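Only one structure is covered here, and it is reproduced in the block below.
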Amino acid sequence: MRYTLCELITVVEILRGSVAPPRFQTSLQHRLRAMRAHPLLNPTALAEGWREWLRNYPADPTHEPHLVAAIEWLLRAQDATPDGGLSRGYSLVRHSHYGRRGWQPCYPETTGYIIPTLYAAARRLGRPELAVRAERAARWEIEIQLPTGAVRGGTIGEPESPAVFNTGQVLLGWLAAFDETGQGSFADAARRAARYLVATLDPDGRWRSDNSRFARADSTLYNTRTAWALAEAGVRLDERRFSAAAARSLHAAAHLQTENGWLPWCCLTDPEQPLLHTIAYAIRGLLEGGRVLGEPRLLHAAERAARPLTAKVRTDGWMPGRYRSDWSPAVRWSCLTGQAQMANNWMRLAAITDDATWLEPVPAVLRFLKHTQNRRSGELGLRGGIKGAWPVGGAYGAYEVLSWATKFFADALMRHEAIQTNGLSAASPVSVLA
């Protein structure tokens, strides 16, 4: 790193005990923080990068070893917090936002949609304690639900602010907990959340207020996934106005789709080159929303967006992490979360449309994801989880292991295993809510 003469003088002054001008102190502090976060000064991050380059993580031909490792990571993410929620993730380097490496605070959004994954793993692995953990997470979500019915954005410890998308994701978790337990408290929480979503939806079917402060307010087409949750609530709680609002939102999103299947305004930060992660969110929302509402047009919109992505899977299962509007790759790194999501999306398309051709890219993608999973590390925050990007320093969740990437990977393994074992029409241990 290069330093200005003034900054070097500041270092000398600090060492001598004298007082440096404030702006120089601030500049130096920023540089020192950047140095502390550099992978070269973090042995685990450096070693992970080398291991990826050498491609030495073995992929077991069966799914169970990888599934068990992923679920154990999720359990450690829950145990790393003081309540019942799951940690957002694990930082291999000093995180710029949280100011430290290691486990991050509880994340209500992803805890919400991890709930159905834990229930599914309880069934698949014959481990009833996982269902107990899922219920614990669902009850914690009720404890922190805002008076409006909304779920807060960001992690615990940050200023409270309602977030539409996060509310939709936790709504899926409450519906799953209600399905599993029949307890009215989960239905009540889900109903409050759904009423909030209806109240904040604009007449044209778009959510413009209460979007997460961590995302661009003009680029939230991925709220189709929120509309899907609202549609599920309409059916499961017998509330027609929830279904009507969901249909309005999903049709508004489908109306924006271009002829080549592209879904515009669909990214957290760069709508011109959206993440595979948010594209996959949008596809899943259209797909499942169309299924719940019995709307072929929505199903067709999901197919039109999912089909071009099948051609982007390399023979080794790698996919680009961002795309341009002609579906050309925009980056040279992979968004592992998005790849796991698309594996789930293709399997759900196959099940819903009874078209097995959707399954063709899935084995390669899952094999690639397995090769990125470190199941041997002595660092428990790394072992078994799925990182944000490949290589690990890619520009999505750089040097982080993410709770939502690990969740979608576990879902995909369980779904694919059920198809391999019993065929496309077989019942899966994974709920449609996951």
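Give the residue, chosen from 277, 251, that is within 30 Å of residue 188 (Cβ to Cβ) and in contact with a helix residue (DSSP H, G or I) (Cβ under 9 Å, 6 or more places away or on another chain).
Numbers: 277 fails: within 30 Å of residue 188 (Cβ to Cβ).
Of the residues listed, the single one that is within 30 Å of residue 188 (Cβ to Cβ) and in contact with a helix residue (DSSP H, G or I) (Cβ under 9 Å, 6 or more places away or on another chain) is 251.
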For the structure I just gave you, tell me whether residue 77 is at pLDDT 85 or above, touching a Gly at 6+ places or on another chain (Cβ under 7 Å) and open to solvent by less than 30 Å² (accessible area, probe 1.4 Å).
no
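Residue by residue, here is whether (1) crowded, with 22+ Cβ neighbours inside 10 Å; (2) closer than 12 Å to residue 52 by Cα; (3) under 22 Å from the mean Cα position of the chain (by Cα); (4) at pLDDT 95 or above holds:
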| site | (1), (2), (3), (4) |
| --- | --- |
| 363 | no, no, yes, yes |
| 376 | no, no, no, no |
| 383 | no, no, yes, yes |
| 386 | yes, no, yes, yes |
| 398 | no, no, yes, yes |
Six or more apart or on different chains, Cβ atoms under 8 Å: show the pairs whose first residue is in the range 333-351 and under 15 Å from residue 305 (Cα atoms) and whose second is among the acidic types (Asp, Glu) and assigned to a helix (DSSP H, G or I).
344/411; 348/288; 349/303
Near pairs, Cβ below 8 angstrom, 6+ apart or cross-chain, from the range 41-67 (at positive phi) to any residue that is at pLDDT below 95 and polar (S, T, N, Q)
none
Output yes when any residue across the range 310-333 is farther than 21 Å from residue 410 by Cβ and assigned to a helix (DSSP H, G or I), and no when none is.
yes
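Restricting attention to the range 400-417, which residues are open to solvent by 10 Å² or more (accessible area, probe 1.4 Å) and either more than 16 Å from the chain's Cα centre (by Cα) or aliphatic (A, V, I, L, M) (or both)? Before the answer, list the steps.
Filtering the range 400-417 down to residues open to solvent by 10 Å² or more (accessible area, probe 1.4 Å) leaves 400, 404, 415-417.
Those that are open to solvent by 10 Å² or more (accessible area, probe 1.4 Å) and either more than 16 Å from the chain's Cα centre (by Cα) or aliphatic (A, V, I, L, M) (or both): 415, 416, 417.
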Restricting attention to the range 128-137, does a residue exist that is open to solvent by less than 30 Å² (accessible area, probe 1.4 Å) and closer than 16 Å to residue 187 by Cα?
yes
Residues of the range 222-244 being in contact (Cβ under 8 Å) with a residue 60 or more places away in the chain and open to solvent by 20 Å² or more (accessible area, probe 1.4 Å), in sequence order, are 236
Quick check: is even one residue across the range 95-105 touching a helix residue (DSSP H, G or I) at 6+ places or on another chain (Cβ under 6 Å) and open to solvent by less than 10 Å² (accessible area, probe 1.4 Å)?
no
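Within the group 394, 381, which residue is in contact with a Lys or Arg (Cβ under 8 Å, 6 or more places away or on another chain) and in a loop (DSSP other than H, G, I, E, B)?
The unique qualifying residue is 381.
Across the range 61-71, which residue is farthest from residue 407 (Cα to Cα) among those that are of a type outside the set (Val, Ile, Thr) and loosely packed, with under 14 Cβ neighbours inside 10 Å?
Taking the range 61-71 and keeping what is of a type outside the set (Val, Ile, Thr), we get 61, 63-67, 69-70.
Subset that is loosely packed, with under 14 Cβ neighbours inside 10 Å: 61, 64.
Numbers: 61: 20, 64: 15 Å.
Checking each candidate, the answer is 61.
Of the residues 143, 158, 180, only one is open to solvent by less than 60 Å² (accessible area, probe 1.4 Å) and of a type outside the set (Ser, Thr, Tyr); which? Quick ask: steps written out before the conclusion?
Numbers: 143 fails: open to solvent by less than 60 Å² (accessible area, probe 1.4 Å); 180 fails: open to solvent by less than 60 Å² (accessible area, probe 1.4 Å).
Sole residue among the options that is open to solvent by less than 60 Å² (accessible area, probe 1.4 Å) and of a type outside the set (Ser, Thr, Tyr): 158.
The values are calculated or read from the model by the stated rules, or taken from the named source; none is laboratory data. Because the structure is predicted, anything quoted here is derived from the model rather than measured. Glycine also receives a Cβ, built like all others from the backbone with ideal geometry; neighbour counts cover every protein chain displayed. Protein only, heavy atoms only, side chains kept; ligands, DNA and RNA dropped before computing areas. Shrake-Rupley method; radii C 1.70, N 1.55, O 1.52, S 1.80 Å.
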